[in-house]
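Nothing in this text is a laboratory measurement; each read-out follows from the coordinates by a stated rule. On a predicted model such as this, the values are computed, not experimentally measured, just so you know. Because the Cβ atoms are built from the backbone with ideal geometry, glycine has one as well, and the counts that use them run over all protein chains shown.
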Amino acid sequence: MSAATIATIDWRHDIEAAAQRLHARVPGFLRETPLWKLRGEALGLKARGAEVWLKLEHLQISGSFKARGMMNRLLANDIPASGAIVASGGNAGIATAAAAQALGVPCEVFLPVVSSEAKRARLRALGAQVVVGGEVYGDALAACLERQRETGALLTHAYDQPEVVAGAGTLGREIEQQGGMPDAVLVSVGGGGLIAGLAGWFEARSRVVALEPERAPTLFNARAAGEPIDVDVGGVAADSLGARRIGAISWEITQRHVRDALLLSDEAIRSAQLWLWRELKLAVEPAAALPLAALQSAAYVPREGEKICLIVCGANVDPATLA
């Protein structure tokens with residue numbers, strides 16, 4: 001899809017359509033996840049009266065926001081007898097498998113070796129055929145595309161399809177319905193489907209801030225280069241934020257609607273992840289901890305009285321790693 005075509009899409013219209021499709025076709029599949037409003041002081045922040053909203057999307061069906069986009073992708077297309085196929089670091093695969101199971105169709109998931117055993121076990125429990133190979137997400141995607149050409153299965157891309165982005169954008173719609181308009185939304189970026197959906201919904205009405213690990217600077221490096229480029233990826237969040245290149249849709253939307261792209265150290269991410277477990281008993285994966293890490297490390301400094309929404313995006317984590 002060309003940048004010119006992407007620029008013509010009315011994302012708020014498509015997000016509204018996705019929300020209506022999901023509600024009408026599969027009522028009860030998606031959960032309305034809680035929006036927890038806390039004072040900044042409750043999170044140990046020197047935030048001068050800032051109000052921090054935790055959007056607990058890790059409680060979504062399949063354990064992440066990905067369920068929204070994957071189900072929207074399946075519902076918006078005819079599904080062949082060979083079912084659905086996806087490459088994933090784990091969460092998009094789990095979401096596609098959950099959607100496929102709900103619709104009664106087969107699902108095949110390609111994972112890189114960096115994917116966690118907890119995510120592989122969850123996929124198998126959902127009835128998916130799991131193929132593990134390649135060092136990172138890009139390797140799994142190449143194998144997935146070759147297999148898709150053989151079987152004709154419906155491809156669900158982890159982040160770079162309009163239906164996937166519009167489905168992710170329903171999260172922004174839900175936040176606004178639950179709590180009104182936040183001043184800022186802090187969100188983790190891998191391939192960029194979630195931030196594209198959120199920026200497509202909020203546009204200039206709220207400041208959407210991109211957060212990436214220093215060891216997976218997909219959007220940050222693209223901005224430095226002036227175009228999407230391949231980057232080396234690794235670190236504590238690589239199983240979720242391991243895309244080598246920012247998606248074309250995300251690149252176009254974030255160029256228009258996202259001003260800030262910030263990098264965070266593995267140490268800050270891990271510290272925030274453990275803090276969420278020890279202090280709030282929220283068991284989340286590293287990718288879900290970047291928004292809090294941005295506040296705790298002062299990478300993002302709130303204005304006095306600012307309303308900041310942190311997207312707690314995924315919970316597919318081995319609890320043993322939180323000890």
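Quick look at the values:
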| read-out | value |
| --- | --- |
| Cα gyration tensor category, rounded, prolate or oblate, for the chain with a/c compared to 1.5 | rounded |
| Packing-based ranking, highest mean first, of 21-30, 165-174 given that Cβ atoms within 10 Å are counted | 165-174, 21-30 |
| About the Cα centre, charge dipole magnitude for the stretch 66-155 (Lys/Arg +1, Asp/Glu -1 at Cβ), debye | 320 debye |
| 0 to 90° range, to nearest 10: angle between helix 162-179 axis and the chain longest Cα axis | 30 degrees |
| Cβ-derived FRET efficiency at R0 22 Å, ALA298 paired with MET181, nearest 0.05 | 0.35 |
| Difference of contour (0.36 nm per residue) and Cα-Cα distance, ARG149 to VAL26 | 41.4 nm |
| Charge dipole magnitude, Cβ of K and R +1, D and E -1 - the chain, Cα centre, debye nearest 20 | 640 debye |
| DSSP beta bridges in the chain [antiparallel fraction, %, rounded to 5] | 20 percent |
| Virtual paramagnetic centre 7 Å along Cα→Cβ of GLU117, amide N under 18 Å, in the stretch 229-268 | 239 |
| Charge dipole of the stretch 10-168 about the Cα centre (unit charges at C-beta), most positive-ward option of LEU35, CYS107, VAL164 | LEU35 |
| Taking the stretch 11-54 and dividing mean pair separation by its residue count, relative contact order in percent (alpha carbons under 8 Å, at least six apart) | 28 percent |
| Three-way shape call for the stretch 189-323 based on the alpha-carbon gyration tensor, with the a/c threshold at 1.5 | oblate |
| Nearest 10 degrees, 0 to 90: helix 91-103 Cα axis against the chain principal axis | 50 degrees |
| Long-range Cα-Cα pairs in the stretch 66-155 (distance over 18 Å), rounded percent | 35 percent |
| Charge dipole magnitude, Cβ of K and R +1, D and E -1 - the stretch 213-323, Cα centre, debye nearest 20 | 240 debye |
| Whole-Hz ³J(HN,Hα) from phi, Karplus 6.51 cos²θ - 1.76 cosθ + 1.60, for the stretch 218-235, glycine and proline x | 4, 6, 4, 6, 4, 5, 5, 8, x, 6, x, 9, 6, 10, 6, 10, x, x |
| Length gained when the stretch LEU38-ARG278 is fully extended (0.36 nm per residue, less Cα-Cα span) | 84.7 nm |
| Shape category assigned to the stretch 136-221 from the gyration tensor of Cα positions, a/c cut at 1.5 | oblate |
| Ascending count of other beta-carbon atoms within 10 Å, so fewest first, for ARG68, ARG256 | ARG256, ARG68 |
| Zone of ALA125's modelled label, taken as backbone nitrogen in the stretch 292-323 under 16 Å from a point 7 Å along Cα→Cβ | 315-321 |
| C-alpha long axis of helix 193-202 to longest principal axis of the chain, angle in ° | 60 degrees |
| Whole-number percent relative contact order across the chain, with pairs defined as alpha carbons under 8 Å at least 6 apart | 21 percent |
